[in-house]
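Participant: Before we start, here is the structure in question, set down as structure tokens.
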Amino acid sequence: MKLLRKVNNLTQLELAEELFISYQLVSKWERGVSEPTADMMFTIIEKYNLTIDYFFDSSSDDQREKEIAIILQAFKQSMVESPSKRPSFAKIAQLANKSQVEIEKHFSTFEDLIYGFINCVDQDIVCRIEHKIVKGASIEAIFIDDLAPILYEKHFALNLLYTRPYISEVWKKFITSRYKQIILQNFDMDKSDSLTVEYIVSIFTVMVSVWMSSENPESLERFQTRIKRMSRDQIDQWFPAKTKNFDEE
């Protein structure tokens, strides 16, 4: 947080004002007394155009990565067993076959777990479709032919994200911001027409939310047909794909 503030030439008070919080809270973040909520982390990422994993420790130690993977898998299982109430660290530790101290070494708060889990799910999805976007495919084709199959494949995890109240609102806010970011960065459009972006992102997010919130979602083929029928080529008219070629860069 201190690095972010310095790079943007902001005082603690100025950063606090931009985020609509108290400067005392910014001070606590920088001193490690407290941490931003997952919701605030994604707000900061969007506002300052940061990478999605900005707040995530990206060190490449193999043992550390294995431990985090085990913990996040246990967190996912704990959400299965806790439909309405956030699972305790004790429960997650039990499922991970680790002590609470070991869990807190990587995730000191429940908000850290939320952020880590969302980041993990998102990175896997985006990495698998990013090259399609760069190569200039249309937004409708990417959504129907590339993104939808991945979402269907990940239905189990996404269903948890959309249906667990202690994580769903953060996830919905994050994914809305994420789609906006992808569209604005990769498709030619009138930048002043921000309302169009809002409309199209709302269409995508609502349809995916309804689809993935179901325990038994309709088949991928039916969902793809539904999207094609509803779009009627309007999406491509609004968002012509960029013509840049990935192989030439």
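Participant: May I ask you to evaluate 6.51 cos²θ - 1.76 cosθ + 1.60, the Karplus curve with θ = phi - 60°, for each residue of region 90-99 and list the ³J(HN,Hα) values in order in whole Hz, giving x for glycine and proline?
Facilitator: 4, 5, 5, 4, 4, 5, 7, 6, 9, 7
Participant: Still on this model: Taking a quarter of the surface of the convex hull around the Cα atoms of the chain, what do you get in nm²? Walk me through the intermediate numbers first.
Facilitator: Values: hull surface 61.8 nm².
Spelled out: convex hull of the Cα atoms, projected over all directions, averaged, 15.4 nm².
Participant: A further question on this structure: Binning at 5 Å from 0, report for region 4-76 what percent of all alpha-carbon pair distances ends up in each bin.
Facilitator: Taking every Cα pair in region 4-76, the percentages come to 3, 13, 20, 23, 16, 11, 9, 6, 0.
Participant: Distance from the Cα centre of region 26-49 to that of region 112-182, in angstrom?
Facilitator: 22
Participant: Near the amide H of residue 10, under 5 Å away, which other amide H atoms are found, from residues 5 or more places off or on another chain, if H is placed in the peptide plane?
Facilitator: The list, which skips near neighbours in sequence, is empty: none.
Participant: Mind checking the per residue accessible area of region 39-153 for me, 1.4 Å probe, whole number of Å²? Please list the in-between numbers first.
Facilitator: Working: 5570 Å² over 115 residues.
I get 48 Å² per residue for region 39-153.
Participant: Only four residue types carry charge here, +1 at the Cβ of Lys and Arg and -1 at the Cβ of Asp and Glu. Report the dipole size of the chain about the Cα centre in Debye, rounded to the nearest 20.
Facilitator: On the way: 31 positive and 38 negative charges, 110 e Å.
Dipole of the chain, to the nearest 20 debye: 520 debye.
Participant: If you don't mind, there's one more thing I want to ask. Which semi-axis lengths, in whole Å and largest first, follow from the square roots of five times the eigenvalues of the Cα gyration tensor of region 116-216?
Facilitator: On the way: eigenvalues 101, 50, 31 Å².
Equivalent ellipsoid of region 116-216: 23, 16, 12 Å, largest first.
Participant: Which of 132/180; 76/105; 76/98; 105/154; 2/47; 47/173 have a Cα-Cα distance over 21 Å? Mind showing how you got there, number by number?
Facilitator: Working: 132/180 17 Å; 76/105 18 Å; 76/98 15 Å; 105/154 28 Å; 2/47 16 Å; 47/173 13 Å.
Checking Cα-Cα distances, 105/154 exceed 21 Å.
Participant: Let me ask you something else. Where the accessible area of region 138-181 is counted over protein heavy atoms with a 1.4 Å probe, how much of it, in %, is carbon and sulfur?
Facilitator: 54
Participant: Also, I was wondering about something else. Using each residue's phi in region 142-158, evaluate 6.51 cos²θ - 1.76 cosθ + 1.60 at θ = phi - 60° and report the 3J(HN,Hα) Karplus result to the nearest Hz, with x for Gly and Pro.
Facilitator: So the Karplus estimates, Gly and Pro as x, are 4, 5, 6, 8, 10, 6, 4, x, 5, 4, 5, 5, 9, 4, 4, 5, 5 Hz.
Participant: Tell me, in nm to one decimal, what length is gained between residue 53 and residue 34 on full extension, where the rule is 0.36 nm per residue of separation less the Cα-Cα distance? Mind showing how you got there, number by number?
Facilitator: Numbers: separation 19, 0.36 × 19 = 6.84 nm, distance 1.90 nm.
In short, 4.9 nm is gained.
Participant: Sticking with this one: Along region 203-217, what does the Karplus equation 6.51 cos²θ - 1.76 cosθ + 1.60 (θ = phi - 60°) give for ³J(HN,Hα), rounded to whole Hz, x for Gly and Pro?
Facilitator: 4, 4, 5, 5, 5, 5, 4, 5, 5, 7, 6, 7, 5, 10, x
The values are calculated or read from the model by the stated rules, or taken from the named source; none is laboratory data. Everything numeric in this text was worked out from a predicted model, so none of it was measured. So basically every Cβ, Gly included, is an ideal-geometry build from the backbone, and we count neighbours across all protein chains shown. These accessible areas exclude ligands, DNA and RNA; they are computed on the full protein's heavy atoms, side chains included. Shrake-Rupley method; radii C 1.70, N 1.55, O 1.52, S 1.80 Å.
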